[in-house]
Every structure is written in structure tokens, then in C-alpha cells.
Amino acid sequence: MTAAHIVGHNPATVPPPAGGYSLGLELTQHRRLLFISGQVPERSDGSVPEGFEAQCEQAWRNVMEVLAATGLGVAHLVKVTTFLTDRCQVVANRTVRRRMLGDHRPALTVMIAETVDSKWLLEIEAIAAE
């Protein structure tokens with residue numbers, strides 16, 4: 001399925017995005033919206049990978065599995081919110097996100113927050129459109 005018609009907006013009058021995202025995305029046409037609840041870094045068997053990078057990759061795989069279950073992919077993502085548990089994770093988070101999303105640049109928010117379970121080092125929620 002094709003992605004919604006998405007127009008990115010990065011006006012020169014606003015500081016440019018520094019981490020591989022768009023300041024604003026406009027959906028000019030779409031058929032459906034998918035709201036993905038916060039995905040934690042757990043595998044389907046309930047285990048949690050060791051280390052931030054492995055947890056970040058697992059949380060992204062979970063996002064991608066929800067997308068795939070609906071016939072969508074990363075190109076359909078229009079908004080991603082990532083909740084990190086420590087500021088020192090920002091660079092590694094950006095690196096993993098860029099690897100997982102390739103050239104796709106959704107609107108993005110990154111927050112420092114406490115997760116429900118202290119073994120989770122992050123949580124990712126997203127919105128996709130077709």
C-alpha cells in the first residue's frame with residue numbers, strides 16, 4: 001500500500017531539525033490513521049535485551065511489527081514520540097532511529113521520562129497514515 005501524500009515543512013525561519021526529522025508533516029490526502037501505543041523493549045517471550053542500543057532496536061522492531069500487521073511500513077510513519085530514561089541515550093537513540101527509518105523523516109519528539117518498569121530504558125509511540 002502506498003503512503004499518504006505527506007508534505008514536509010522545514011521553514012527557514014525556524015531552527016533546522018538536527019536529528020533526522022521534519023519540523024512539520026502535512027497529510028494532504030489519507031485513507032486511514034494508525035495510532036501505535038508505546039512500544040517497550042520486550043520480545044514476544046517477555047525477555048528484555050541488555051543495554052540501551054539493543055533495547056532501542058527491540059522497541060523499533062515492535063513498532064515495525066505493529067505497522068506490518070496493518071499492511072504499513074516505516075514510510076507511513078508521520079509522528080514518533082520517544083521516551084528515554086536518561087539524556088545520555090540521545091545520541092544512541094538518534095543513531096538507531098536513523099538506521100531503522102532510513103531516509104524517512106517523520107515529525108519527532110524525544111522526552112526524558114521514567115518508564116513504568118525500570119528495566120525498560122525507553123518507550124516509543126507512533127502515528128502512521130495511509
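Name the residue, out of 98, 94, 105, that is under 15 Å from the mean Cα position of the chain (by Cα) and within 20 Å of residue 27 (Cβ to Cβ). Exactly one of 98, 94, 105 is under 15 Å from the mean Cα position of the chain (by Cα) and within 20 Å of residue 27 (Cβ to Cβ), namely 105.
Scanning the range 1-44 for residues that are among the polar types (S, T, N, Q), within 15 Å of the chain's Cα centre (by Cα) and closer than 24 Å to residue 121 by Cα returns 37, 39.
Looking at the range 66-87, is at least one residue more than 17 Å from residue 129 (Cα to Cα) and surrounded by fewer than 16 Cβ atoms within 10 Å (Cβ to Cβ)? Looking for residues that are more than 17 Å from residue 129 (Cα to Cα) and surrounded by fewer than 16 Cβ atoms within 10 Å (Cβ to Cβ), one finds at least one in the range 66-87, hence yes.
Report yes if residue 90 is at pLDDT 95 or above, open to solvent by 20 Å² or more (accessible area, probe 1.4 Å) and under 19 Å from residue 121 (Cβ atoms), otherwise no. Yes, satisfied. Within the range 45-56, can one find any residue that is under 12 Å from the mean Cα position of the chain (by Cα) and charged (D, E, K, R)? Within the range 45-56, none of the residues are under 12 Å from the mean Cα position of the chain (by Cα) and charged (D, E, K, R). For the range 93-114, taking the residues that are β-branched (Val, Ile, Thr) and under 23 Å from residue 6 (Cβ atoms), the one that is surrounded by the fewest Cβ atoms within 10 Å (Cβ to Cβ) is identified as 109.
Say whether the condition of being β-branched (Val, Ile, Thr), touching a helix residue (DSSP H, G or I) at 6+ places or on another chain (Cβ under 6 Å) and open to solvent by less than 60 Å² (accessible area, probe 1.4 Å) is met by at least one residue in the range 6-25. Among the residues of the range 6-25, not one is β-branched (Val, Ile, Thr), touching a helix residue (DSSP H, G or I) at 6+ places or on another chain (Cβ under 6 Å) and open to solvent by less than 60 Å² (accessible area, probe 1.4 Å), which makes the answer no. Out of the residues in the range 117-130 that are part of a loop (DSSP other than H, G, I, E, B) and in contact (Cβ under 8 Å) with a residue 60 or more places away in the chain, state the one that is least open to solvent (accessible area, probe 1.4 Å). Ranking the qualifying residues of the range 117-130, first place goes to 130.
The values are calculated or read from the model by the stated rules, or taken from the named source; none is laboratory data. As the structure is a prediction and not an experimental result, all values here were calculated from the model. We place every Cβ from the backbone using ideal geometry, glycine too, and count neighbours over all the protein chains shown. When the accessible area is computed, the model is the full protein with side chains, heavy atoms only, and any ligands, DNA or RNA have been set aside. Shrake-Rupley method; radii C 1.70, N 1.55, O 1.52, S 1.80 Å.
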